[in-house]
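For reference, the structure discussed in these notes is given below.
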Amino acid sequence: MHLGRHISGQFNAELESIRTHVLTMGGLVEQQLSFAMQALHKDDLELAKKVVRDDHKVNAMEVSIDEACTRIIAKRQPTAKDLRLVMAIIKTITDLERIGDVATRIAYIAIEQQSAMGQKYNVSLESLSRLAITMLHQVLDVFARMDVESVADVYQLDNKLDAEYASVISQLTTYMMDEPNDIPSILQVMWSAKAIERVGDRCQNICEYIIYFVKGKDVRHLDEKQIYDIL
């Protein structure tokens with residue numbers, strides 16, 4: 001897992017505990033996103049309400065993990081790779097919380113959607129949402145193993161997600177021209193599509209944190225080829 005061992009067994013236990021909590025938070029966020037998309041596609045009002053109710057759990061986990069990281073920095077004064085791990089975790093939970101916000105917003109759309117008109121256009125999001133959920137699941141698996149060799153697979157999924165997003169927007173734009181009376185409903189679906197596409201960007205961010213921890217390289221703002229060269 002690349003965590004390394006320390007003279008202090010308690011330090012090892014603290015790092016492992018935080019890592020486990022991050023994966024638990026990631027699992028909850030993945031479930032929230034999956035439930036939100038199901039609620040939207042199946043017009044499931046109760047499931048949408050459950051997503052909204054459970055958003056506080058994601059927020060609470062972010063705060064708890066952030067506090068644990070702060071305690072480690074204050075008490076252990078980590079250096080080198082240990083410090084990179086703590087910083088990577090702090091940044092990762094921020095992106096996970098933002099993905100949780102996307103799930104909640106989509107759930108609100110499912111709740112507020114009063115007509116069958118929105119359902120007609122929500123079909124456009126099914127493939128896009130499946131890709132986003134798959135990408136989130138995969139990046140959590142990469143984080144669990146801190147396996148930089150698998151980062152490339154996540155980036156390839158993001159390329160597919162971007163292509164699908166472009167296709168969805170093109171399709172919805174055509175709908176707007178053909179059905180001008182439906183523009184408010186179509187715009188709402190467009191917002192959902194953009195939010196789902198941003199999930200892919202958040203997953204890419206987490207990949208960057210993993211590379212930073214394992215390789216000690218800050219790959220923000222580098223293009224894909226430059227990142228592959230580092231891997």
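The values are calculated or read from the model by the stated rules, or taken from the named source; none is laboratory data. Please read all numbers here as calculations on a predicted model, not as lab measurements. Virtual Cβ from ideal backbone geometry, glycine too; neighbours counted across all protein chains shown.
Points to keep in mind about this one:
- Qualifying residue in region 62-74 (condition: buried (at least 18 other Cβ atoms within 10 Å of the Cβ), within 16 Å of the chain's Cα centre (by Cα) and touching a residue at least 40 places away in the same chain (Cβ under 8 Å)): no
- Listed by position, the helices (runs of 4 or more DSSP H) contained in region 131-231 that have at least 3 residues being buried (at least 16 other Cβ atoms within 10 Å of the Cβ), of a type in the set (Ser, Thr, Tyr) and modelled with pLDDT of 90 or more are 151-178, 183-215.
- When Pro78 is tested against the conditions (1) surrounded by 14 or more Cβ atoms within 10 Å (Cβ to Cβ); (2) assigned to a helix (DSSP H, G or I); (3) not charged (D, E, K, R), the lone failure is (2).
- Qualifying residue in region 66-75 (condition: of a type in the set (Lys, Arg) and over 17 Å from Leu96 (Cα atoms)): yes
- Residue in region 90-110 that is at pLDDT 95 or above, surrounded by fewer than 20 Cβ atoms within 10 Å (Cβ to Cβ) and either more than 23 Å from the chain's Cα centre (by Cα) or hydrophobic (A, V, I, L, M, F, W, C) (or both) present: yes
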